[in-house]
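Beneath this line is the structure, given in structure tokens, with notes to follow.
The values are calculated or read from the model by the stated rules, or taken from the named source; none is laboratory data. These figures come from a predicted structure and were not determined experimentally. FYI the Cβ positions are ideal-geometry reconstructions off the backbone, even for glycines, and counts take in every protein chain you see. Each accessible area value is taken on the protein alone, full model and side chains, heavy atoms only, with ligands, DNA and RNA left out. Shrake-Rupley method; radii C 1.70, N 1.55, O 1.52, S 1.80 Å.
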Amino acid sequence: MNCTKCKTKAVIDLPRHNAAFCAPCFTTYARDQTAYAIKHERMFGRDDRILVAVSGGKDSLALWHVLLTLGYRADALYVDLGIPGYSAKSREKVERFAEAVARSHGAKLLIHTVQDEEGAGIKELSDLVHRPTCATCGTIKRYQFNKAAVEQDYDVMATGHNLDDEAARLLGNMLHWQEEYLDKQSPTLPASVEGFAKKVKPLYRLSERELAAYAVLNKIDYIVEECPMAKGSKMLLYKEVLNRLETESPGTKHRFYWGFLEKQAHAQPAASSMAEKDQALLHPCGICGQPTTGEICSYCKMMARAKTAGAESR
Ligand code: Q46
Ligand code: ZN
């Protein structure tokens, strides 16, 4: 098997593109796909300051790496969830990458430690508020990433969601006809209201397998294990089903997700009318001031509940 571009020995085949690449041509392919996504979806420009959400996994570290090598101004934020046996390891991977790679590009790493800031690790917090761990985690991460981006004047927040993530999420939303979520499945979500950062997913054109290959070929040391809390999640099941389809019919995942994006682009109400709709529904949280549809935002409500439950159990 030879490289489709330079005809030397290939190291990876990409049946969905009917192509194979050697290491340097594959790295170029991955960067070109990301650069195309950034431009096509109007994610950010050369002068923008980007905050990358990093977890220590292959996708987010590959994203940080690609953005820095493409010459973007990208810092990163890591949220330490305090999961025994997992968080310490993933944090170490992120800190090492920041030290070995990001620093030479002038980029910095911000760290938010849930145990210090919210008063307990994610497991204990979710027990206190009687919510599933991943729901608690989602609320905290969304809140803290947005807060950091807005308070520290980043123009945009980037996450490492890949093609597999987005196709699986789309499948889940369609199976349950969650139309309100379908509206939010675009790779660029504008900062429609004051207090909400713009959010982008520059890796939506690259698959999980391609990102693992990018990380290995570029010597990015990442945490291979998934977060232990993900075990048994519906997303993993949807990914399995889509992988089965992909094996039988290469290109299924990208046809499914990119096809959805094309249809959505034609059907999408003008960004300004969406912004007006959002603006009408949102106002500042009575405690922290971040935009919310209720009196108090879900993060502050959760923290108040955790505090009361913590005091009662003492
Ligand atoms: S990190 Fe958090 Fe995921 Fe772990 S606790 Fe669940 S939501 S599985 S992206
Ligand atoms: Zn609040």
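Among the helices (runs of 4 or more DSSP H) confined to segment 93-194, the ones with at least 2 residues that are polar (S, T, N, Q) and within 16 Å of ligand 2 (Cβ to nearest atom) are located at 133-151. Scanning segment 130-168 for residues that are open to solvent by less than 10 Å² (accessible area, probe 1.4 Å), of a type outside the set (Ser, Thr, Tyr) and more than 13 Å from the chain's Cα centre (by Cα) gives 140, 149, 167, 168.
Can you pull out every residue in segment 69-80 that is aliphatic (A, V, I, L, M) and surrounded by 21 or more Cβ atoms within 10 Å (Cβ to Cβ)? Those that are aliphatic (A, V, I, L, M) and surrounded by 21 or more Cβ atoms within 10 Å (Cβ to Cβ): 74, 76, 77, 79. Say whether the condition of being aliphatic (A, V, I, L, M) and either at pLDDT 95 or above or within 13 Å of ligand 2 (Cβ to nearest atom) (or both) is met by at least one residue in segment 266-277. Checked segment 266-277: no residue is aliphatic (A, V, I, L, M) and either at pLDDT 95 or above or within 13 Å of ligand 2 (Cβ to nearest atom) (or both).
Working only within segment 30-50, note down all residues that are touching a residue at least 60 places away in the same chain (Cβ under 8 Å) and either in a helix (DSSP H, G or I) or out of contact with any helix residue (DSSP H, G or I) (no Cβ under 8 Å at 6 or more places or on another chain) (or both). If you could, list the steps in order and put the result at the bottom.
Residues of segment 30-50 that are touching a residue at least 60 places away in the same chain (Cβ under 8 Å), as a first pass: 30, 33-34, 36-38, 41-44, 48-50.
The answer is 30, 33, 34, 36, 37, 38, 41, 42, 48, 49.
Got a number for residues in segment 77-117 being touching a Ser or Thr at 6+ places or on another chain (Cβ under 8 Å), closer than 22 Å to residue 210 by Cα and aliphatic (A, V, I, L, M)? Qualifying residue count for the region: 1.
When segment 63-106 is examined, which residues are found to be at positive phi and away from ligand 1 (no atom under 16 Å from the Cβ)? Reasoning before the result, please.
Going through segment 63-106, the residues at positive phi turn out to be 71, 82, 85, 106.
71, 106, listed by residue number.
Here residue 230 meets each of (1) loosely packed, with under 15 Cβ neighbours inside 10 Å; (2) of a type in the set (A, V, I, L, M); (3) without any contact (Cβ under 8 Å) to a residue 12 or more places away in the chain with one exception, condition (3).
Taking the condition over 22 Å from residue 142 (Cα atoms) and at pLDDT 95 or above, does residue 73 pass? Before you say what the answer is, go through the steps one by one.
Details: over 22 Å from residue 142 (Cα atoms): no; at pLDDT 95 or above: yes.
For residue 73, the condition - over 22 Å from residue 142 (Cα atoms) and at pLDDT 95 or above - is not met.
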